[in-house]
Amino acid sequence: MDKRAPTDRDSASRIERLCIQHGLKMTGQRRLIARVLSESADHPDVEELYRRAVALDDRISIATVYRTVRLLEEKGILERRDFGGGRARYDPADRGHHYHLIDVDTGKVIEFADPRHEALAREIAARLGFALVDLRLELFGRRFPEGAVAEDAQARRSNGGGRQDEA
């Protein structure tokens, strides 16, 4: 079955608009890759991006996906992430400050934002004589067993918030 890339009649995706702003020529295959990236709620690696793109247009090659991802990274449209597992994954650069918690057992990536974290990072940088210009946070963790979260919270409350004062 011959599946075709979207035409100019389709509205431009968020990533496609960024490509145009950066002066990139938008071929049909680049438009398709930009659309797939824009619609991704996760952080796909190149092979997953290829699987999604080829489901929409079976003429696209994995080499095209690799070249396009590399170009978008060079232009600052995508950011490469290393969440373990040996494969680079990608995140649109226009998503604002957010951070990642990676489940080491499943590989699931949970995004979060916390203004307290950013304030603390700025404070630490300033204390060390620096103005913070960029910030990345990737936490790697393992889910607590069922019920352990409540037990941990109870233990911290009965221990004065988890602090152990020196005698």
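The values are calculated or read from the model by the stated rules, or taken from the named source; none is laboratory data. These numbers come from a predicted model, not from an experiment. All Cβ positions, even for glycine, are placed from backbone atoms using ideal geometry, and neighbour counts span all protein chains on display.
Numerical summary
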quantity: Scan of the stretch 105-131 for residues that are among the aliphatic types (A, V, I, L, M), assigned to a loop (DSSP other than H, G, I, E, B) and at pLDDT 90 or above, ordered by number; calculated: Leu128, Ala131
quantity: Glu73 vs. criteria under 16 Å from the mean Cα position of the chain (by Cα), within 17 Å of Cys19 (Cβ to Cβ), at pLDDT 85 or above and among the acidic types (Asp, Glu); calculated: yes
quantity: Hey, Arg70 under 21 Å from Thr106 (Cβ atoms) and surrounded by fewer than 18 Cβ atoms within 10 Å (Cβ to Cβ) or not; calculated: no
quantity: Residue identified as modelled with pLDDT of 85 or more and surrounded by 12 or more Cβ atoms within 10 Å (Cβ to Cβ) among Leu78, Leu135, Leu32; calculated: Leu32
quantity: Test: residue in the stretch 96-119 that is within 20 Å of Cys19 (Cβ to Cβ) and of a type in the set (Gly, Ala, Ser); calculated: yes
